[in-house]
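Everything below concerns the one structure shown next.
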Amino acid sequence: MYASDPIPRPAGRPASATPLRDHLELAKLGVDEGYVVLPRSLAEEMPLPWQQQMTYLIDEFHQTYGDLPWPVYRVVPSRVERLVDLDEGQLAEAGYLLEIDTTGELVYRDRDDAVVSDPQSREVLVSCLDPIPRRPPAISP
């Protein structure tokens, strides 16, 4: 015997074929267009079942993509700042230069020597101290 009503489905969005991409598009912490960063000190403090699952997933990831020519990564904690709020060192780090033109006006230039038209609203990344605590090194007996 068949029911005349359709099978009830859970309410909400349908399952996605790209769930990780969907999640990372909305994520704010440790995510940019190219990378996902997990602070090691926090990952090592996760509950044991989480660590076991993470270990399994990272193992699978490395087995799948281990043949690629992996570089060594350097992660630099950074924050967004307005261009006009940076000092000379921060400007250089971000790839900008500040000059005084012939009329006495401040002029910001980028790496290509192009004038930045609206430096008040231009935001750039500059390095900062890492606010996430690092795990102290293990002391061997």
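Scanning segment 40-82 for residues that are over 20 Å from the mean Cα position of the chain (by Cα) and in contact (Cβ under 8 Å) with a residue 40 or more places away in the chain yields one hit, Glu45. Of the helices (runs of 4 or more DSSP H) lying entirely inside segment 31-141, those containing at least 2 residues that are closer than 29 Å to Leu20 by Cα span 40-43, 48-65.
Within segment 98-113, being surrounded by 15 or more Cβ atoms within 10 Å (Cβ to Cβ) and either touching a residue at least 12 places away in the same chain (Cβ under 8 Å) or assigned by TED's automatic domain parsing to the domain that holds Arg40 (or both) holds for Tyr108, Arg109, Asp110. Would you call Val116 under 26 Å from the mean Cα position of the chain (by Cα), surrounded by 10 or more Cβ atoms within 10 Å (Cβ to Cβ), not assigned by TED's automatic domain parsing to the domain that holds Glu45 and not basic (Lys, Arg)? When the stated conditions are applied, Val116 passes them.
Here Lys28 clears all of (1) assigned to a loop (DSSP other than H, G, I, E, B); (2) more than 26 Å from Asp130 (Cβ to Cβ) except the condition numbered (2).
The values are calculated or read from the model by the stated rules, or taken from the named source; none is laboratory data. Just so it is clear, the model here is predicted, and its values are computed rather than measured. For neighbour counting, all protein chains shown are included, and Cβ atoms are generated from backbone atoms with ideal geometry for every residue, glycine included.
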